[in-house]
């Protein structure tokens, strides 16, 4: 099973802090272990001779060597306990004790020390502030929760211990079963990335599910999860989606919440299937763990109930699946075998007087159709329909077809027995058609994710040293903002910029304009003036013989606006033909969790009023860059809608790739906007630049 | 209880077609009635002397007079049976028999005849193709379904009988209880509007819920429902939301599906709370039937489980509610009474070792806060928490506070007893926090709806006769399209248009331009050329001395484009200053169910590419017209974003109101577009018009 054998398949578990005091966590741990675990249980506590009948050792040193240590001593004693375990050669430790990073500065210090000890002894440490871990194949319940999970193929991590206890009792009743369950606690050492990797390698895990309130290292997560999800489906609830929720999460875990837009982009790029509610999380997980893969997106619906059939069709329409179109031959067979009043087009309505045999005939004829990749059996209770027999029929038909089948046998107590029959055989049954569709939808989402082509960032030929020196110049100016004077930064990374020069006298300005040999654009260059247009600091379409006067005007306006402004000069820039062009924006800002977020949109109102933008975590490959362009609502304008000449989308895609490389190469770039990047039929031109540099990072 | 006393409180029910043949619907009806109904049961069937022990009459004439007749004879015998009931003075009839409008042209003819008989005898008829009706206060189950509803205050109509049978067994288990249940069937006579009105008047109905696949008369529905929903909440699933679903619904009911956008607008204007799934429908209904009204939108969350608390906060953020901000005094009290590790800001985390007393203290302190309008108790199972005692505590606290409280005691079998205790007292408990929030959200939505001001359409002073004669001129031309030549239509309804005249020779063109005394716009006027700009049929900024030449050019281009085109002349129009103005579109098309749908948006790409439009069913009042302007994403552009001069929004609102009046006055207008309607700082101008007239309707 790869990594964490000692965590999930330990032969001897030591509980440091074990006790038989009533109501204590130390007692709950031993009780839970005692219930199913076949290995050896070793209580460690200097104050006891035995705990619940097990011999108790005074300290780790005197105990037999243990491969999993569970620590439940008071906070000040935790560090010594973990050190003792390290000294004794234990490489897997779960710290149950709370009072670390989640509780003020003293706790945070203690957590740093804990991490240092774990590093020193190479300990894979879960927690602190953890409910514990479970491993159903080993019968291991090293938690202090009230329930143990049923054995299955879902591995489950949670940043909230209470979330685990809240879910397990319900899951047991719903027939949802698990392989490993980990309460990751404060993630001082092991975090979500470690468990993703471990479970990806684990043969027994079919689906990874998780409840997370934050991700420690977004870049590492995206990279790891992308590999994992190309094979093993990962379904997550990331809570704190809303502003109020984010605030609650950050007060719960003590971590700063990253922005929801970063999470949305990062989780999507990582191939994570995101759920927003607990029921959705497990509806998806159940579908992914119990059903075979889809051969096509077409769904067949077989029902005895018109209304519920329509509702199921709506749910399919809302999902990433589609209603299957039957072949003529299928329609013919259904017409021959069904009563006249039946509907033989999908959804198949076998009508209210259908018995199980008629359901079977319709289901088999649908499954034989090559356009059908999955089927949903939807029924309302009737006098002639035996639900148990219907359930048995579905299981029987399933033997002969690979196609995933889910059921929506609607009703209450009337369905209980049939639901049990289905559940025991791994067929999820739902009351609500939309939830029955959710399981299949998860399969379709997983197919889409595994079908994504590898999309490694292109390594463009760039002048990294030149870029570095431009950034260092900003540092030398003891000023962390870059403007038009630093357009060379883009040039160094191969992003086209118009011919331009910054000059500091009017005569030189005229010379430059004469060289350009056409009307020019002139812009004041000052790190202190960021909205140049607003103060009249930009002149467009200046003829050569007006250049000198315009120079004086621009400088006068800047002085007038801010007498103390540092004026670096005036930029004389080649005019870009805007007639057949579209103004776009490419930009970046750095998220505390995910690092550089790239943004693309059309300029002006499209970004500011309509908020029509696409966002990705850098670095990105060409496919992702292209999807950034495609996914904005206004994309048809770039493709030539309304009689426009199409913009050079390849050039935009390349610019996004080069920008991705620039911001990845230089963590010192905190934010950067190219606004506008003018996209014409034959290429792009970056017209203006604003960036902020963290000179410490250079 | 108002209307339908005979339907829901009959003293004697006759079943025409009653039988004791095993497995028959006629037997199921008598059996179901026999079970709980206290009134008299009268089987009618010429072939039987008794049915299930009741004396059976050979025909309606020989039976005692009955106030509810249930008809279950074969299709060809239904008409005579209903006529006999009418002759005998029965005014309430339910036709169970299928084989009418849903099954081909013969059935449709039979349904028309059925409707005529019902009208002749003034019969309130349910069906045909109905499962029947239930009335729990009367113990009446006049359906052939397997279950009877529990008695409660939810009245429930469904266009699918199977939807009722699918729901009832589940609802009984979930503790959801009903007052009246009606399977409306084909709605030959009584439809959704009739039941809305009846249940609105019914004291015992707190909430109306429904499953509908279509609405017969959208205009009547909006008008009726608007009145009803100002008091009684109405929650509907309208299925066929998606394209595939709409197709399935129309094959199920035989009705043409109206457009989803019309339903969305109409249901919203009607104040209907729309649910998209079965669970959501009843989550909303349960909240609305069981909880008292909200005094404020602030929600307090009290939990022993951090993660589920964050999830609940997210769910509140997704809803129309908000997380309550506690007063300082509340924070102080909580700080004093809770342990140090507890979170005293909302959500209140009473932490994992909380017992019921600590939950009670926190809940009471929160409820005493004036900013708290509702509360959610969220818990995960722990060793120290008794769920039954927690449930009893919630019920006890509820005695002292008016504030609605819902619970999310998470778990499976461990929660069963507590859930039963809560359910019996009318407190819904949910496993998933998002569903617990849904019930409260429905209260908030209902508050918003009842708080809507009456918004009767303004009756503007218009020249209706002049408008009629313009429309009749189009009819005379044996041509159903109107263009710029009919701008007077707008003028007659007080919508501003620029000075313009249509001329048919170049000299006259020049004269008109001289009168306007500025550059003009010239447009070819031809009913055969709808995209004038595309063929070069529009000239902008024409100086007076170019008018004659331009006239010839425009006519030549039109002839060249289509030699047979009928050319009415050239329009000479005052130039409208577009510099400080925004182009908008106002339009209308007529929906088969809902009638005139008004559309508003900014012109060009905003409508065509970004689809940024708002839609309402006409007629509309001023508030709705204003909300049409406010709800488009680009609305800030009209309000003066990015340094623009604000547009005259009042003038746009008035134009929408006048257009609403025009299209309501003239059903002959099938579609109409004013594109552009130019909105400047001091008013609007309609620049161009296209409309289609159904001359039959004039």
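The values are calculated or read from the model by the stated rules, or taken from the named source; none is laboratory data. Since we're looking at a predicted model, the values are computed, not measured. Here the Cβ positions follow ideal geometry from the backbone for every residue, glycine too, while neighbour counts run over all protein chains shown.
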I'd like the full set of residues that are modelled with pLDDT of 95 or more and touching a strand residue (DSSP E or B) at 6+ places or on another chain (Cβ under 6 Å), limited to region A:106-129. A:118, A:123, A:124, A:125, A:126, A:128
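Is it the case that residue B:317 is part of a helix (DSSP H, G or I), touching a helix residue (DSSP H, G or I) at 6+ places or on another chain (Cβ under 8 Å) and within 23 Å of residue B:391 (Cβ to Cβ)?
Working: part of a helix (DSSP H, G or I): yes; touching a helix residue (DSSP H, G or I) at 6+ places or on another chain (Cβ under 8 Å): yes; within 23 Å of residue B:391 (Cβ to Cβ): no.
Here the answer is no, as residue B:317 does not meet what is asked.
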Residues in region A:135-146: is at least one closer than 19 Å to residue A:34 by Cα, surrounded by fewer than 22 Cβ atoms within 10 Å (Cβ to Cβ), without any contact (Cβ under 8 Å) to a residue 40 or more places away in the chain and at the interface with chain B (Cβ under 9 Å from one of its Cβ atoms)? yes
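Would a scan of region B:99-112 turn up a residue that is more than 14 Å from chain A (Cβ to nearest Cβ), within 13 Å of residue B:8 (Cβ to Cβ) and in contact (Cβ under 8 Å) with a residue 40 or more places away in the chain? First the steps, then the outcome.
Going residue by residue through region B:99-112, those that are more than 14 Å from chain A (Cβ to nearest Cβ) are B:105, B:108-112.
Subset that is within 13 Å of residue B:8 (Cβ to Cβ): none.
No, region B:99-112 contains no residue that is more than 14 Å from chain A (Cβ to nearest Cβ), within 13 Å of residue B:8 (Cβ to Cβ) and in contact (Cβ under 8 Å) with a residue 40 or more places away in the chain.
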In region B:283-318, residue surrounded by the most Cβ atoms within 10 Å (Cβ to Cβ) [restricted to those that are within 13 Å of another protein chain (Cβ to nearest Cβ) and closer than 25 Å to residue B:153 by Cα]: B:283
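Step by step: first the residues of region A:640-659, then only those that are in a helix (DSSP H, G or I), surrounded by 16 or more Cβ atoms within 10 Å (Cβ to Cβ) and out of contact with any helix residue (DSSP H, G or I) (no Cβ under 7 Å at 6 or more places or on another chain), then the one that is farthest from the other protein chains (Cβ to nearest Cβ). Which residue is that? Spell out how you get there, then give the answer.
Filtering region A:640-659 down to residues in a helix (DSSP H, G or I) leaves A:641-643, A:649-659.
Still in the running and surrounded by 16 or more Cβ atoms within 10 Å (Cβ to Cβ): A:649, A:651-659.
Pick out the ones that are also out of contact with any helix residue (DSSP H, G or I) (no Cβ under 7 Å at 6 or more places or on another chain) and you get A:651, A:654-655, A:658-659.
Working: A:651: 21, A:654: 24, A:655: 22, A:658: 28, A:659: 25 Å.
Among them, the one singled out is A:658.
Considering only residues that are assigned to a loop (DSSP other than H, G, I, E, B) and either closer than 16 Å to residue A:457 by Cβ or within 14 Å of chain B (Cβ to nearest Cβ) (or both), which ones fall in region A:586-609? Spell out the reasoning first.
Taking region A:586-609 first, the residues assigned to a loop (DSSP other than H, G, I, E, B) are A:592-594, A:603-604, A:609.
Within region A:586-609, A:594, A:603, A:604, A:609 qualify.
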For region A:77-93, does any single residue satisfy the condition of being surrounded by 22 or more Cβ atoms within 10 Å (Cβ to Cβ) and without any contact (Cβ under 8 Å) to a residue 40 or more places away in the chain? yes
Verdict on residue B:182 being within 24 Å of the chain's Cα centre (by Cα), farther than 25 Å from residue A:387 by Cβ and buried (at least 24 other Cβ atoms within 10 Å of the Cβ): yes
Within region B:223-230, is there a residue that is more than 14 Å from every other protein chain (Cβ to nearest Cβ) and touching a strand residue (DSSP E or B) at 6+ places or on another chain (Cβ under 7 Å)? yes
Could we say that residue B:620 is buried (at least 16 other Cβ atoms within 10 Å of the Cβ), in a loop (DSSP other than H, G, I, E, B) and within 21 Å of the chain's Cα centre (by Cα) here? yes
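Within the group B:250, B:259, which residue is without any contact (Cβ under 8 Å) to a residue 40 or more places away in the chain and surrounded by fewer than 20 Cβ atoms within 10 Å (Cβ to Cβ)? Give the steps one after another, and end with the answer.
Numbers: B:259 fails: without any contact (Cβ under 8 Å) to a residue 40 or more places away in the chain.
B:250 is the lone residue from the list that is without any contact (Cβ under 8 Å) to a residue 40 or more places away in the chain and surrounded by fewer than 20 Cβ atoms within 10 Å (Cβ to Cβ).
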From the options B:399, B:388, residue that is more than 26 Å from residue A:29 (Cα to Cα) and assigned to a helix (DSSP H, G or I): B:399
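Which residue is surrounded by the most Cβ atoms within 10 Å (Cβ to Cβ), if the candidates are limited to region A:16-27 and must be within 11 Å of residue A:72 (Cα to Cα) and touching a residue at least 24 places away in the same chain (Cβ under 8 Å)?
Of region A:16-27, the ones within 11 Å of residue A:72 (Cα to Cα) are A:16-19, A:24-27.
Subset that is touching a residue at least 24 places away in the same chain (Cβ under 8 Å): A:16-19, A:25-27.
Details: A:16: 31, A:17: 21, A:18: 28, A:19: 21, A:25: 21, A:26: 23, A:27: 21.
Step by step, filter region A:16-27, then rank; the result is A:16.
Kindly indicate whether residue A:444 is touching a strand residue (DSSP E or B) at 6+ places or on another chain (Cβ under 8 Å), away from chain B (no Cβ under 14 Å), surrounded by 15 or more Cβ atoms within 10 Å (Cβ to Cβ) and in contact (Cβ under 8 Å) with a residue 40 or more places away in the chain. Outline the logic, then answer.
Values: touching a strand residue (DSSP E or B) at 6+ places or on another chain (Cβ under 8 Å): no; away from chain B (no Cβ under 14 Å): yes; surrounded by 15 or more Cβ atoms within 10 Å (Cβ to Cβ): yes; in contact (Cβ under 8 Å) with a residue 40 or more places away in the chain: yes.
Criteria not met by residue A:444.
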Which condition from (1) crowded, with 16+ Cβ neighbours inside 10 Å; (2) away from every other protein chain (no Cβ under 14 Å); (3) in a helix (DSSP H, G or I) is the one that residue B:637 breaks? (2)
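Picking from A:426, A:420, A:439, which residue would you name as being away from every other protein chain (no Cβ under 12 Å), in a loop (DSSP other than H, G, I, E, B) and closer than 18 Å to residue A:176 by Cβ? Steps first, please.
Numbers: A:420 fails: in a loop (DSSP other than H, G, I, E, B); A:439 fails: in a loop (DSSP other than H, G, I, E, B).
Only one candidate passes the filter, namely A:426.
Would you confirm whether any residue within region B:326-339 is away from every other protein chain (no Cβ under 11 Å) and within 33 Å of the chain's Cα centre (by Cα)? I'd like the intermediate steps shown before the answer.
Restricting attention to region B:326-339, the residues satisfying the condition of being away from every other protein chain (no Cβ under 11 Å) are B:326-339.
So of that shortlist, the ones also within 33 Å of the chain's Cα centre (by Cα) come out as none.
Within region B:326-339, none of the residues are away from every other protein chain (no Cβ under 11 Å) and within 33 Å of the chain's Cα centre (by Cα).
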Which listed residue, of A:340, A:295, is part of a loop (DSSP other than H, G, I, E, B), free of Cβ contacts under 8 Å to residues at least 24 places away in the same chain and not assigned by TED's automatic domain parsing to the domain that holds residue A:274: A:340
Among A:234, A:209, A:278, which is the only one that is surrounded by 23 or more Cβ atoms within 10 Å (Cβ to Cβ) and more than 14 Å from chain B (Cβ to nearest Cβ)? A:234
Looking for something within 14 Å of chain B (Cβ to nearest Cβ), surrounded by 21 or more Cβ atoms within 10 Å (Cβ to Cβ) and part of a loop (DSSP other than H, G, I, E, B) - is there at least one such residue anywhere in region A:680-691? no
Exactly one of these conditions fails for residue A:394: (1) surrounded by 17 or more Cβ atoms within 10 Å (Cβ to Cβ); (2) not in a helix (DSSP H, G or I). Give me its number. (2)
Options A:512, A:542, A:503, A:484: the member that is buried (at least 16 other Cβ atoms within 10 Å of the Cβ) and farther than 27 Å from residue A:463 by Cα: A:542
Inside region B:400-419, the number of residues satisfying the requirement of being more than 15 Å from residue B:308 (Cβ to Cβ) and in contact with a strand residue (DSSP E or B) (Cβ under 9 Å, 6 or more places away or on another chain) is 6
